[in-house]
Amino acid sequence: MKKIVKAFVISVLSLAVGYMAISLPFRLFDSLGGDMMHKVFIGELLIYLAIGMVFLAVQQKKSEQQKKSKERHIARREKIARVQTEWYDLAA
């Protein structure tokens with residue numbers, strides 16, 4: 001239930017933000033001049049670029065954490081196997 005509510009809220013928010021991002025240039029088109037519209041357009045592109053960079057940085061960090069976790073689990077499994085082998089050799 002919690003996942004459904006979270007997915008719904010994220011969907012509604014993304015639709016609202018997308019609508020605002022798309023409608024902003026059209027609303028400003030009537031009230032701003034050509035140079036100002038160019039500045040707004042460049043600013044909008046910079047904002048999208050920044051959001052994309054943050055998204056990629058978060059994805060890279062998650063993949064690095066998963067890789068470290070996987071390496072840690074493999075090392076732990078190897079250590080457990082080595083300790084069991086040493087105990088068997090010691091007992092024999």
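Here are the numbers for this structure:
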quantity	calculated
Qualifying positions in segment 41-51 - modelled with pLDDT of 90 or more and either of a type in the set (Lys, Arg) or surrounded by 12 or more Cβ atoms within 10 Å (Cβ to Cβ) (or both)	none
Test set (1) modelled with pLDDT of 90 or more; (2) open to solvent by 80 Å² or more (accessible area, probe 1.4 Å) - ALA57 fails condition number	(2)
Test: residue in segment 33-40 that is at pLDDT below 90, assigned to a helix (DSSP H, G or I) and exposed (fewer than 10 other Cβ atoms within 10 Å of the Cβ)	yes
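The values are calculated or read from the model by the stated rules, or taken from the named source; none is laboratory data. Predicted, not measured: the structure shown is a model, and the values here were computed from it. Cβ coordinates were reconstructed from backbone atoms using ideal geometry, including for glycine residues, and neighbour counts include every protein chain displayed. Heavy atoms of the whole protein, side chains included, go into the accessibility calculation; ligands, DNA and RNA do not. Shrake-Rupley method; radii C 1.70, N 1.55, O 1.52, S 1.80 Å.
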